[in-house]
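The values are calculated or read from the model by the stated rules, or taken from the named source; none is laboratory data. None of the values given here were measured: they were computed from a predicted structure. For neighbour counting, all protein chains shown are included, and Cβ atoms are generated from backbone atoms with ideal geometry for every residue, glycine included.
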Amino acid sequence: MNSCGNFGAYLARFGLFRGYFLYLRTKLGRGINAIRVPGMRHPVFMRTGTSDRSAFNEVIVKRWYDHPFPDGEPRLIIDAGANVGYASVRFAELYPQADIIAIEPDADNFELIKQNIVPYPRVKALRCGVWPRTTELVIENPQAKSWAFRVREARPGETGFAAVGLQELAVQHPSGCIDLLKLDIEGSEKELFQDPNCHQWLSRTRMIFVELHDRIKPGCTEVLEKAIGLYGFKRTQCGSNLILIRDSVQH
């Protein structure tokens, strides 16, 4: 959305005066700033003048992840591709009793996640990538904007970071389920959904926010549609996110 559209979103969300000053605060500042958001219990940290502001606009201002959970409160939320943690913080505000795992591979983004989640003791951050199998990953486009990093498996001789599996995270939690899964992993959703073992965790997942990246890896939508076909997900769209919700999960 263009800058005029963003400005209007600030005014619609926060009112004329608060929206105006928050818009200027996020647009004109430099360095790491603590941004106080009306209606949120704690400030969030932003590297103003960077792509952090675009993530802030989507998550905090336009509330792309505020779609209600189908019933009750989620017990386990996984934020895969957490960037600097805005979605994790937003989920913590919406669902204060949920356990939240923020997954982010980039070291600089991860440092800001750690700052953002300090007031939220139920949010845990992991510096790793989501992948269908145990391996080492590297960021393949380190010069990209901070919310556009893509990962691939490390080649012989490359030093990377660990991959984590969604099934591994689900079974480690007392519920054994992923109540809410956010996936914004720049094309790696293709590897996740085309893996035959995806049904181990997908059958135990209630609600998914996923941004599909066919422009990066053609076929992302195709493999997702094939994988979810067994489960009767209802769908809607909010911003760039496809939202998938089902009535119940297997235990």
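Some notes on this structure:
- Counting only strands (runs of 3 or more DSSP E) that sit wholly inside the stretch 138-251, those with at least 1 residues that are free of Cβ contacts under 8 Å to residues at least 24 places away in the same chain are 151-153, 234-238.
Per-residue answers, yes or no, for (1) at pLDDT below 95; (2) surrounded by 15 or more Cβ atoms within 10 Å (Cβ to Cβ):
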{"site": "Ser146", "(1), (2)": "yes, yes"}
{"site": "Phe149", "(1), (2)": "yes, yes"}
{"site": "Pro156", "(1), (2)": "yes, no"}
{"site": "Ala163", "(1), (2)": "yes, yes"}
{"site": "Ala170", "(1), (2)": "no, yes"}
{"site": "Lys182", "(1), (2)": "no, yes"}
{"site": "Ile185", "(1), (2)": "yes, yes"}
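- All of Pro74, Pro121, Pro132 fail the test of being at pLDDT below 95 and not in a strand (DSSP E or B), apart from Pro132.
- The numbered conditions (1) modelled with pLDDT of 95 or more; (2) of a type in the set (Val, Ile, Thr); (3) surrounded by fewer than 20 Cβ atoms within 10 Å (Cβ to Cβ) are all true for Thr205 except (3).
- Subset of the stretch 25-46 (residues that are touching a helix residue (DSSP H, G or I) at 6+ places or on another chain (Cβ under 9 Å) and farther than 22 Å from Ala92 by Cβ): Lys27
- Residue list for the stretch 29-51, restricted to those being touching a residue at least 40 places away in the same chain (Cβ under 8 Å), more than 22 Å from Gly15 (Cα to Cα) and either in a helix (DSSP H, G or I) or out of contact with any Leu (no Cβ under 9 Å at 6 or more places or on another chain) (or both): Thr50, Ser51
- The set of residues from the stretch 208-225 being modelled with pLDDT under 95 and of a type in the set (Val, Ile, Thr) comprises just one member, Ile216.
- Total residues in the stretch 213-227 satisfying the condition of being aliphatic (A, V, I, L, M), touching a helix residue (DSSP H, G or I) at 6+ places or on another chain (Cβ under 8 Å) and surrounded by fewer than 20 Cβ atoms within 10 Å (Cβ to Cβ): the figure is 2.
- Within the stretch 232-251, the set of residues being surrounded by 16 or more Cβ atoms within 10 Å (Cβ to Cβ) and over 21 Å from the mean Cα position of the chain (by Cα) comprises just one member, Val249.
- Every residue from the stretch 18-47 that is small (Gly, Ala, Ser) and either surrounded by fewer than 14 Cβ atoms within 10 Å (Cβ to Cβ) or in contact with a Phe, Trp or Tyr (Cβ under 6 Å, 6 or more places away or on another chain) (or both): Gly19, Gly31, Ala34, Gly39
- Counted residues, the stretch 18-76 - those being touching a Gly at 6+ places or on another chain (Cβ under 8 Å), closer than 18 Å to Phe7 by Cα and charged (D, E, K, R): 2
- None of Val249, Val151, Val171 is among the aliphatic types (A, V, I, L, M) and in contact with a Cys (Cβ under 7 Å, 6 or more places away or on another chain) except Val249.
- Flag if Glu58 is in a helix (DSSP H, G or I) and either over 23 Å from Tyr95 (Cβ atoms) or among the charged types (D, E, K, R) (or both): yes
- Long-range neighbours under 6 Å by Cβ, at least six apart or interchain, first residue farther than 14 Å from Glu93 by Cβ and without any contact (Cβ under 8 Å) to a residue 24 or more places away in the chain within the stretch 62-73, second exposed (fewer than 13 other Cβ atoms within 10 Å of the Cβ) and polar (S, T, N, Q): none
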